[in-house]
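The values are calculated or read from the model by the stated rules, or taken from the named source; none is laboratory data. Remember, it's a predicted structure, so these values are computed and weren't measured experimentally. Glycine also receives a Cβ, built like all others from the backbone with ideal geometry; neighbour counts cover every protein chain displayed.
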Amino acid sequence: MSTKPYDAPPAAQTLETFANPAPSRDYEICIEAPEFTCVCPKTSHPDFATLTLTYVPDRACVELKSYKLYLHAYRNVGIFHEAVTNRIADDLVKILKPRRLRLSAAFHAHGGITTTVTVEHQARGKK
């Protein structure tokens, strides 16, 4: 069994943003991606997950088509659940600089076991 990733993870530069239309207000944006896939680096089997991104934007919002294409680029990437969830969250925090962000990745069952990995970010000085 291989532990080598198939492809490198996609670059964060593929994510696009647009100006927050209400930067003076705290409001949540929730985006669900029920068809996320990557590859298990140990077994080479596909891993399927529902990603739920919830964030409070500051100056920027993520553009949905670019987010979809960014996620689809993980399809042939060999990466563990914990690593991919943290990588996606890091890329989103880097490009959005949100007030708050929460990314939950609920992976489907393999051998009767499900995994959910949740990453949270809070901007410093923001509550």
* Subset of segment 30-59 that is in contact with a helix residue (DSSP H, G or I) (Cβ under 8 Å, 6 or more places away or on another chain) and acidic (Asp, Glu) - its residue that is surrounded by the most Cβ atoms within 10 Å (Cβ to Cβ) -> ASP47
* Asked: Filter segment 1-36 for residues that are modelled with pLDDT under 95 and outside any loop (DSSP other than H, G, I, E, B); which is nearest to GLY111 (Cα to Cα)?
  -> ALA12
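Which of the residues that make up segment 37-88 are assigned to a strand (DSSP E or B) and out of contact with any Phe, Trp or Tyr (no Cβ under 9 Å at 6 or more places or on another chain)?
Residues of segment 37-88 assigned to a strand (DSSP E or B): 37-39, 46-56, 60-62, 78.
Matches in segment 37-88: PRO46, THR52, THR54, TYR55.
Could you grab me the full set of residues in segment 95-127 that are of a type in the set (D, E, K, R) and in a loop (DSSP other than H, G, I, E, B)?
Within segment 95-127, the subset of a type in the set (D, E, K, R) is 97, 99-100, 102, 120, 124, 126-127.
Selection gives LYS97, ARG99, ARG124, LYS126, LYS127.
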* To do: Considering (1) within 16 Å of the chain's Cα centre (by Cα); (2) part of a strand (DSSP E or B); (3) touching a residue at least 40 places away in the same chain (Cβ under 8 Å), say which one LEU92 fails and leave the rest.
  => (2)
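Scan VAL62, VAL93 and give me the residue that is more than 21 Å from THR116 (Cα to Cα) and crowded, with 17+ Cβ neighbours inside 10 Å.
Working: VAL93 fails: more than 21 Å from THR116 (Cα to Cα).
Sole residue among the options that is more than 21 Å from THR116 (Cα to Cα) and crowded, with 17+ Cβ neighbours inside 10 Å: VAL62.
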* Can you name every residue in segment 96-125 that is under 30 Å from THR43 (Cβ atoms), surrounded by 14 or more Cβ atoms within 10 Å (Cβ to Cβ) and modelled with pLDDT under 95? -> HIS110
